[in-house]
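Only one structure is covered here, and it is reproduced in the block below.
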Amino acid sequence: MCWYFNEFGLILDGSFVTERDEQDRRILRIYITDQTKEVMPLFHQIFRGWLEVLFDGFTGDEREEAFELLNGMLGNTRHRLNREEK
């Protein structure tokens, strides 16, 4: 099992298949594999459990603000990694 980071985020090697559109090469289609389909219910259960723990006592607005801040941090990380690759 191998994790790597690309323009789509953190990816588990073998969990997705990518395919270029034959008519428009700019389009990259991403499909999950059968292996990923099998573990998705477990992943969702674990993720929901962690969200309950992390956001216990937060209001809806506080949860939304936290997600916005985390998405901003993810964007910063992607930007930094892309800069370092060049």
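Which FRET efficiency value, to the nearest 0.05, is calculated for A66 and K37 with the Förster distance at 25 angstrom and r the Cβ-Cβ distance?
On the way: r = 29 Å, r/R0 = 1.18.
Efficiency for this residue pair is about 0.25.
Would you mind classifying the stretch 38-86 by shape? Square roots of the alpha carbon gyration tensor eigenvalues, ordered a ≥ b ≥ c; an a/c under 1.5 is rounded, otherwise it is prolate if a/b is larger than b/c and oblate if not.
On the way: a/c = 4.11, a/b = 1.40, b/c = 2.93.
Taking the square roots of the gyration eigenvalues as a ≥ b ≥ c, the stretch 38-86 is oblate.
Enumerate the calculated ³J(HN,Hα) couplings along the stretch 65-81 in order (Karplus 6.51 cos²θ - 1.76 cosθ + 1.60, θ = phi - 60°), each rounded to whole Hz, writing x wherever the residue is Gly or Pro.
The phi angles translate into 5, 4, 4, 4, 5, 5, 5, x, 5, 4, x, 4, 5, 4, 4, 5, 5 Hz.
Could you give me the ³J(HN,Hα) list for the stretch 25-35, computed from phi with Karplus coefficients 6.51, -1.76, 1.60 and θ = phi - 60°, whole Hz, x at Gly and Pro?
Here the 3J(HN,Hα) series is 5, 6, 7, 10, 8, 10, 10, 7, 7, 4, 4 Hz.
For a test of the definition: using alpha carbon positions, the gyration tensor, and the 1.5 limit on a/c, classify the stretch 21-61 as rounded, prolate or oblate. Present the calculation step by step, with values, prior to reporting the outcome.
Numbers: a/c = 7.44, a/b = 1.96, b/c = 3.80.
Here the stretch 21-61 falls in the oblate category.
Compute the signed sum of charges (Lys and Arg +1, Asp and Glu -1) over the other residues within less than 14 Å, Cβ to Cβ, of L69.
Working: positive: R63; negative: D61, E62, E64, E65, E68.
Cβ neighbours under 14 Å give a net charge of -4.
Counting only residues 5 or more places away or on other chains, whose amide H sits under 5 Å from the amide H of F16 once H atoms are built in the peptide plane?
Those lying under 5 Å, H to H, from F16 are T33.
Tally Lys and Arg at +1 and Asp and Glu at -1 over the other residues with C-beta under 15 Å from the C-beta of D56: what net charge comes out? Walk me through the numbers before you get to the answer.
Numbers: positive: R48, R63; negative: E52, E62.
For residues surrounding D56, the net value is 0.
Could you give each residue of the stretch 42-59 its phi-based ³J(HN,Hα) in whole Hz, using Karplus coefficients 6.51, -1.76, 1.60 with θ = phi - 60°, and x for Gly or Pro?
Using θ = phi - 60°, the values come out as 5, 4, 4, 4, 5, 4, 4, x, 5, 4, 4, 5, 5, 9, 4, x, 7, 7 Hz.
The numbers here are math on the coordinates, done by the rules we state, and not lab data. Computed from a prediction, not measured in an experiment: that's the story for all the values here. Because the Cβ atoms are built from the backbone with ideal geometry, glycine has one as well, and the counts that use them run over all protein chains shown.
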